[in-house]
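A short worksheet on the structure shown next.
The values are calculated or read from the model by the stated rules, or taken from the named source; none is laboratory data. Treat the numbers as computed from the prediction; the structure is a model and nothing was measured. Cβ atoms come from the backbone with ideal geometry, glycine included; neighbour counts cover every protein chain shown. Note: accessible area is taken over every heavy atom of the protein model, side chains too, but ligands, DNA and RNA are not part of it. Shrake-Rupley method; radii C 1.70, N 1.55, O 1.52, S 1.80 Å.
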Amino acid sequence: MLQYLDEVSILEILQQRFEANMQRHPELLWDNVKKQLIAQPSKLKILIEMERTGGEPDIMMLNKHTTDLVFYDCSLESPKLRRSLCYDRDALESRKDHPPKNNVIDMVQDIGAELLTEEEYRAIQKVFNFDLKTSSWIKTPVDIRQKGGALFCDRRYDHVFSYHNGAQSYYSSRGFRCKLVIAKVQL
């Protein structure tokens, strides 16, 4: 993982990934994306954090009806620096023995991004296969969370599966993926 990234180096990394994966965004041009990123330095800082924690963000055009740029974590496995986390602060505080170092919801907020929904997770899996050895927590509906549970997904046997676990559980192979929506600004 990269310990230090600045605006110049993240733009270079994003450009290389963008150009290597044109199937994710066939109608976009890098120069237009770069202009939007430079015009919105607060969003660029979030992308730096997504990259630093192992997410390997890239743009995907999952919704053809939006003009927003949406970056998703595209790492093949759940990002290493985002694993071994329970779901949220309540789950973390309920752990009496061997609590994890952090929780997903707080870490997503610290990054400044959004946790993926089950629908987004499944849509990305249609673009490329990931989480073949790991799994990723996803946004859990309030009614499930109020009953102590949380949801996660993975890909096994060439199928995407959704599961549940106690929100306080954590595993070395389970992390989380996130997204960043960047509304286009007039330049």
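A few points about this structure:
- Rounded to the nearest 0.05, the FRET efficiency derived from the C-beta distance between residue 171 and residue 128 at R0 = 22 Å is 0.40.
- Top of 121, 72, 171 by mean-square fluctuation, Gaussian network on the chain, Cα under 10 Å: 171
- Distance in nm between pseudo-label sites at residue 42 and residue 76 (7 Å out along the Cβ direction from Cα): 3.7
- Matching the structure-derived Cα extents along the principal axes in Å against the labelled list [x] 51, 34, 28; [y] 42, 40, 31; [z] 50, 39, 29 gives the label [x].
- Amide H contacts of residue 135 (H built 1.01 Å from N, in plane; Pro and chain starts excluded): 78, 174, 175 sit under 5 Å, all sequence-distant by 5 or more or on other chains.
- Counting charges near residue 154 (Lys, Arg +1; Asp, Glu -1) among other residues having Cβ under 9 Å from its Cβ returns a value of +3.
- Global geometry of the stretch 98-187, whether rounded, prolate or oblate, following the gyration tensor of its Cα atoms and the 1.5 cut on a/c: oblate
- Extension gain, residue 68 to residue 9: 0.36 nm times the residue separation minus the Cα-Cα distance gives 18.9 nm.
- Charge tally for residue 187 (other residues, Cβ to Cβ under 13 Å; Lys, Arg +1; Asp, Glu -1): +2.
- Net lengthening on full extension, residue 119/residue 35 (0.36 nm per residue, minus Cα-Cα): 27.3 nm
- Extension gain, residue 110 back to residue 183 (0.36 nm per residue minus Cα-Cα distance, nm): 24.3 nm
- Accessible surface of the chain, 1.4 Å probe, proportion on carbon and sulfur as whole %: 51
- The magnitude of the dipole of the stretch 1-116, with charges of +1 and -1 set on the Cβ of Lys/Arg and Asp/Glu and taken from the Cα centre, is near 120 debye.
- The residues of the stretch 1-153 expose, per residue, 52 Å² of accessible area to a 1.4 Å probe.
- Among 42, 164, 129 the positive-end extreme of the charge dipole of the chain (Cβ point charges): 164
- Near residue 126: Cβ cut-off under 12 Å, other residues only, Lys/Arg at +1 and Asp/Glu at -1. The net charge is +1.
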